[in-house]
Amino acid sequence: MHRLRTCAARLRPITASQTAKTLSQQRPAVTLRTFQPIRRYTAPVAAEPFLNGTSSNYVEEMYYAWLENPKSVHKSWDIFFRNANAGAPPGTAYQSPPPLGMSLAELTQAQSLVRAQPNVEKLVEDHLAVQSLIRAYQIRGHHVAQLDPLGIMDADLDSSVPTDIITSSDKLGFYGLDESDLDKVFRLPTTTFIGGMESTLPLREIIRRLEMAYCQHIGVEFMFINDLEQCQWIRQKFETPGVMQFSLEEKRTLLARMVRSTRFEEFLQRKWSSEKRFGLEGCESLIPALKTIIDQSSASGVENVIMGMPHRGRLNVLANVIRKELEQIFCQFDSKLEAADEGSGDVKYHLGMYHRRINRVTDRNITLSLVANPSHLEAVNPVVQGKTKAEQFYCGDTEGNRVMSILLHGDAAFAGQGIVYETFHLSDLPSYTTHGTVHVVVNNQIGFTTDPRMARSSPYPTDVARVVNAPIFHVNADDPEAVMYVCNVAADWRATFHKDVVVDLVCYRRNGHNEMDEPMFTQPLMYKQIKKQKPVLQKYAEKLITEGVVTRQEYEEEIAKYDKICEEAHARSKDEKILHIKHWLDSPWPGFFTLDGQPKSMTCPSTGLSEEELNHIGQVASSVPVEDFTIHGGLSRVLKGRAEMIRGRTVDWALGEYMAFGSLLKEGIHVRLSGQDVERGTFSHRHHVLHDQNVDKRTCIPMNHVAPNQAPYTVCNSSLSEYGVLGFELGFAMASPNALVLWEAQFGDFHNTAQCIIDQFICPGQAKWVRQNGIVLLLPHGMEGMGPEHSSARPERFLQMCNDDPDVFPLIIFTPKSLLRHPEAKSSFDLMLPGTHFQRVILEDGPAAQNPSDVKRLIFCTGKVYYELTRERKARELENTVAVARIEQLSPFPFDLVKAETEKYPNADLVWCQEEHKNQGYYDYVKPRMRTTINRAKPVWYAGREPAAAPATGSKNSHLQELKRFLDTAFNLEAFKDQV
């Protein structure tokens with residue numbers, strides 16, 4: 001309890017319309033062959049009135065309804081479809097309904113099947129064919145869209161044209177149509193908006209409008225979405241004639257943004273041609289794309305945008321989107337720049353930024369932050385999402401209307417990095433959703449030197465987004481107006497549906513992977529074309545000059561104006577002799593630090609609680625504070641056991657955790673516990689969420705009933721992810737120091753699949769980016785004979801990463817497994833009352849401590865092995881001559897307390913005992929520190945398992961033999977003669 005409270009103390013100061021889905025949207029995609037049984041037949045009603053008064057998709061709806069339930073349609077339709085499926089010749093499937101008083105059998109005897117007019121049958125077939133044609137463009141039009149600015153690659157890695165897309169008149173035959181049908185007028189179905197205000201169009205115009213909507217510089221993937229309202233929304237945005245039009249002012253603003261994006265890169269190239277900067281050349285439209293998303297989102301009420309991105313274009317985004325002072329960027333290129341403080345440990349294209357300013361388009365305040373990131377691509381994604389969730393939580397934004405995230409990706413990384421998939425699967429989970437993220441993919445069509453055909457198996461790098469039904473808008477990045485339109489739609493989608501959306505900027509990379517790289521080694525043909533490619537700014541400026549939107553003089557003046565801004569900032573940057581990391585913070589904690597950047601207080605006051613408060617929290621922990629709530633019988637016994645412990649003034653681990661959390665909540669400190677199965681606890685010890693045994697989804701969280709004005713307690717089972725979820729919780733903890741945010745691994749071993757977050761964000765975050773973070777990792781650890789996958793949290797890794805700075809955060813707690821129910825692993829209330837503190841070292845307090853001069857051996861240990869040592873000591877009757885002390889805080893190492901304890905037993909050998917193998921665990925970390933403590937006056941012996949490659953044996957018998965051997969060693973006074 002003290003450990004968790006100490007950590008907090010140090011950190012302190014389906015819309016309704018979705019139910020109206022038609023049957024056709026719930027079924028597989030409609031193709032021509034789907035309707036083959038009915039295409040050969042006329043309608044079973046008076047032909048002309050039906051065709052003139054009803055849209056053709058009515059036939060489809062009736063057919064689907066009949067397939068599901070023949071009784072759901074009129075009898076005449078039932079007969080028609082039965083005859084059609086039975087193979088009746090064309091025109092003979094229809095039978096008139098019997099007159100009143102006449103049975104169907106009598107009618108059948110009285111008349112033969114009526115053969116329909118051939119021209120009517122053809123008309124029905126053609127209407128169905130046109131509807132299938134429209135649907136084909138909606139589904140597959142993106143495959144033939146002109147997406148590659150270079151004109152040499154296929155964005156979907158496939159040069160073939162889908163059979164059902166009309167590229168020439170001879171392909172009309174696929175639909176049973178020919179050139180004579182091109183000028184025929186057809187009624188448009190309700191599932192298209194290409195007609196605008198018109199309900200009918202000639203086939204030739206239908207095809208033209210479909211090509212304009214789906215086969216130009218924008219490719220739209222959305223027909224996999226199983227929501228009719230959302231599909232109709234997208235169709236309207238892209239199919240409505242003339243929808244992609246911009247005012248003169250919008251075009252001029254777009255040109256100005258293109259100028260800034262392009263000239264910034266050219267300025268850096270002129271001044272620092274031999275420096276790596278991972279420039280944006282080839283995708284300069286990214287800057288107006290992001291500014292458009294932010295403008296549109298600001299207009300919808302968003303006040304805070306949190307961004308994450310890789311290195312390409314990062315400096316440009318900092319300069320022209322976040323609006324970082326140019327001199328602060330330029331001075332980063334000065335090799336003589338000195339670091340004034342911690343936080344200069346990473347390169348300029350990894351640093352973050354936080355800025356609040358006025359959005360000039362909407363005239364509203366907006367806060368923009370770009371989260372610092374490592375080179376480990378896409379690793380920043382869950383961190384951004386967690387930070388976004390926290391900002392939403394702390395400002396009460398339950399719908400994501402005020403805070404949103406934008407994530408930028410590279411094409412190869414988006415397809416190749418599994419963390420992308422993990423993060424997408426958090427997007428709609430109640431405790432993790434950020435209510436929609438706009439994803440922007442800078443699609444270079446290459447990954448470093450790897451051809452996309454060798455880098456992914458899917459047609460597009462963005463296909464992973466389909467798993468969460470996110471619409472994907474592919475766009476040719478050399479068409480700035482198409483980019484701007486797509487980004488407006490993406491921002492509108494997010495504001496309307498609060499779901500993820502992807503913008504795929506299909507572009508190219510004018511230089512190599514960096515400015516010093518030679519791309520012709522591996523992509524000669526691509527880069528020959530790139531050298532010929534006219535820059536997008538030049539092309540767009542010429543277009544606007546031709547249209548009369550701007551004059552050439554105005555264009556050149558815009559360039560000169562921005563060049564002057566850069567030159568003046570460059571001159572000012574030479575005055576910067578020292579790098580102050582305060583300019584590069586992505587998550588400032590206002591009020592937490594003093595002027596020199598240090599925490600206001602690093603002292604650890606008493607975290608003890610009054611007996612009354614301990615009793616109160618204990619009563620909450622052992623009760624069900626909701627009426628008429630039926631809990632499981634086994635859980636009743638658990639709650640009863642808690643109540644008995646409270647009466648006995650003792651707590652076990654689970655109850656101690658309850659005390660820590662409950663008291664912090666009572667003080668107004670938010671507590672968030674996340675991870676796999678944390679609500680119940682992997683070992684069925686926690687039970688923080690109670691489930692009604694009779695009512696589905698009815699739950700109770702007693703911790704939220706501790707006090708009337710308490711902070712909320714968030715406890716949430718996560719998806720089966722470590723990498724993504726730990727990154728998310730790290731981002732959540734980044735937002736505020738006044739919270740206790742914990743992530744628990746199901747077993748300590750499992751944190752290794754989140755090692756990237758630990759190695760790249762948690763361990764070096766302070767040194768690289770001055771990124772303070774209060775994340776707490778709970779890692780169940782202990783050699784229980786459960787095999788190499790469920791034994792070790794690899795404490796040696798964490799100890800190796802520590803720098804023994806007393807200011808180090810976060811907190812890593814190696815939590816118990818068997819000790820959760822060990823009868824001796826309990827503490828008295830007396831150790832938790834006011835004036836008590838977390839004990840960095842738990843000293844020997846048994847018989848050996850009464851006569852220290854008689855003690856022959858002082859064993860230091862940590863964790864579960866203590867109980868095995870004390871049991872063995874008692875069995876060998878060595879309680880007077882062997883002392884056992886526990887080091888509870890390994891790092892920073894408690895030199896003072898260890899020194900005092902060793903001096904207390906002047907005649908004792910010193911032993912470090914651990915259950916882990918010698919090359920693992922704590923030994924390599926502890927031994928030199930213990931020897932420093934005693935000035936190397938005597939050796940520090942080792943008792944534990946021998947070195948091994950695996951964390952633990954998988955054999956229970958071997959486990960017990962190993963345990964016996966190292967306990968023999970620990971208590972055998974002659975055991976260390978052969979040790980060096």
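Please treat every number below as a calculation from the coordinates, not as lab data. Being a predicted model, the structure only gives us computed values, none of them experimental. Neighbour counts run over all protein chains shown; Cβ positions are idealised from the backbone, glycine included.
A few points about this structure:
- Most to least packed among 719-732, 539-552, 490-503 [average Cβ atoms within 10 Å]: 719-732, 490-503, 539-552
- R965 sits among other residues whose Cβ lies under 13 Å from its own Cβ, and their net charge, with Lys and Arg +1 and Asp and Glu -1, is -3.
- Assuming charge only on the beta carbon of Lys and Arg (+1) and of Asp and Glu (-1), the dipole of the chain about its Cα centre is about 920 debye to the nearest 20.
- Close amide H contacts of V440 (hydrogens built in the peptide plane, cut-off under 5 Å, sequence separation of 5 or more or a different chain): L407, L408, H409, V503.
- When the P(r) is computed for the chain, the part past 58 Å accounts for 27% of the Cα-Cα pairs.
- Extension gain, S636 to D854, is 73.6 nm, computed as 0.36 nm per intervening residue step minus the present C-alpha separation.
- The order of the peptides 773-784, 681-692 by mean Cβ neighbours within 10 Å, most packed first, is 773-784, 681-692.
- Taking a straight line from the alpha carbon of K640, these lysines sit under 17 Å away, with near neighbours fewer than eight places off in the same chain left out: K826.
- Estimated Rh, the stretch 748-901: Kirkwood, alpha-carbon pairs, angstrom: 17.7 Å
- In terms of its Cα atoms, the stretch 816-861 spans 32, 30, 17 Å along the principal axes, sorted from long to short.
- Over 26 Å (Cα to Cα) - which of K532/K574; K817/K874; K531/K768 fall in this group: K532/K574; K531/K768
- Think of the stretch 839-971 as having a plus end and a minus end, set by charges on the Cβ of Lys, Arg, Asp and Glu; of A908, P847, Y922, Y922 sits farthest toward the positive end of this dipole.
- Couplings 3J(HN,Hα) for the stretch 844-857, derived from phi with the Karplus relation 6.51 cos²θ - 1.76 cosθ + 1.60 (θ = phi - 60°), are 4, 10, x, x, 4, 6, 7, 10, x, 5, 8, 6, 9, 8 Hz, where x marks Gly and Pro.
- Selection from V550, S72, I419 lying farthest towards where the dipole of the chain points positive, charges on Cβ: I419
- For the stretch 839-971, diffusion coefficient by Stokes-Einstein and Kirkwood Rh (Cα), 37 °C, 0.692 mPa s, µm²/s: 218 µm²/s
- Calculated mean residue ellipticity, 222 nm, the chain: -11000 deg cm²/dmol, from DSSP H runs (n ≥ 4) at -39500 (n - 2.57) each, averaged per residue and rounded to 500.
- As a rough guide to protection, the peptides 790-798, 823-831, 183-191 ranked by mean Cβ packing within 10 Å, highest first, stand as 790-798, 183-191, 823-831.
- Placing +1 on the Cβ of every Lys and Arg and -1 on the Cβ of every Asp and Glu, with no other charges, gives the stretch 248-584 a dipole of roughly 300 debye about its Cα centre.
- Computed extension length for K171-S719: 192.5 nm, one decimal, from 0.36 nm per residue of separation with the Cα-Cα distance subtracted.
- Cα gyration tensor shape for the stretch 734-823, rounded if a/c is under 1.5, else prolate or oblate: prolate
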